[in-house]
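So the structure is just underneath, and the comments pick up after that.
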Amino acid sequence: MNVPIEQILGKRGAVEALRKLQEEGVVRFIGTAANDPDANGPFIETGEFDVAVVADAWSLLNQRASTWIFPAAEKHDVGIVLATPLERGLLATGPMEANQYLNRDFSEAVLNHVGKLKNICLDYEIPMVAVALQWCLRHPMVSTIIPGVSNPEEALQNLEAVSVEIPDQLWNELEPLVMDMSDLRFIVEIKDVIE
């Protein structure tokens with residue numbers, strides 16, 4: 001349900017109530033969250049929030065956050081909690097035969113592209129999940145990540161992944177393959193994936 005921004009920020013709106021709780025010491029920070037990056041942007045731009053949970057906007061496949069979300073967050077000192085950095089598991093393992101990705105229908109070109117990323121990880125004997133998570137955390141605007149898990153083993157795997165030492169040479173080799181959303185051939189192919 002989309003609530004108009006004016007209603008949330010207006011008199012007797014949610015922000016007013018949350019600020020009162022903040023003044024009373026009940027909560028330390030107030031934030032916004034939306035699965036749609038375009039819905040998150042206007043809230044961040046108001047400067048009224050301390051933190052924003054941002055999904056579907058920053059990963060090895062998707063840099064939508066760089067056009068609006070990160071600049072607005074930097075301008076207003078808003079912490080970013082990044083959700084879906086593993087693109088529903090695709091960036092945890094790489095493409096797998098007959099695998100289903102929740103709410104995603106990745107094109108063959110995207111799957112092939114991720115296969116190239118995975119091969120770089122294999123060359124360095126570093127788990128792809130470690131590279132995908134740490135790549136997101138390298139951005140100075142990202143405070144923390146919510147990688148998502150299906151079971152306790154994945155939670156432990158993600159925790160270990162952020163501690164894996166990754167050499168600069170891998171990052172240098174990976175950088176030209178990070179999917180740039182300004183590259184039109186990929187925008188068309190992942191448009192349905194990120195909307």
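Read the figures in this text as sums done on the coordinates, not as results from a lab. Keep in mind it's a predicted model, so treat the numbers as computed, not measured. Note: ideal-geometry Cβ built from the backbone for every residue, glycine included; neighbour counts use all protein chains shown.
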Taking 73-79, 6-12, 54-60 and ranking on average Cβ neighbours within 10 Å, highest first, one gets 54-60, 73-79, 6-12
To the nearest 20 debye, what charge dipole does the chain have about its Cα centre, counting +1 at the Cβ of each Lys and Arg and -1 at the Cβ of each Asp and Glu? 480 debye
Could you name the aspartates and glutamates whose alpha carbon sits less than 16 Å from that of Lys75, not counting residues in the same chain fewer than 8 places away? Glu45, Glu48, Asp50
Rounded to the nearest 20 debye, what is the charge dipole size of the range 86-181 about its Cα centre when +1 sits on each Lys and Arg Cβ and -1 on each Asp and Glu Cβ? 240 debye
I need Met141, Met128, Met96 ordered by Cβ neighbour count within 10 Å, fewest first. Met96, Met141, Met128
How do the peptides 166-172, 156-162 rank, highest first, by the average count of neighbouring beta carbon atoms within 10 Å per residue? 156-162, 166-172
Rank the residues Val51, Val81, Val114 as a footprinting-exposure proxy: fewest other Cβ atoms within 10 Å of their Cβ go first. Val81, Val51, Val114
Count the net charge of all other residues whose Cβ sits under 12 Å from the Cβ of Asp123, scoring Lys and Arg as +1 and Asp and Glu as -1. 0
Using only the Cα atoms, what convex hull volume per residue in Å³ does the chain have? 141 Å³
If you keep only loop residues by DSSP, which chymotrypsin sites (Phe, Trp or Tyr not before Pro) in the range 60-126 have at most 16 other Cβ atoms within 10 Å of their Cβ? Tyr124
What is the spin-label model distance, in nm, from Glu175 to Val81 if the labels are put 7 Å beyond Cα along the C-beta direction? 3.2 nm
Gained length - Glu165 relative to Ile120, 0.36 nm times residue gap less alpha-carbon distance: 14.7 nm
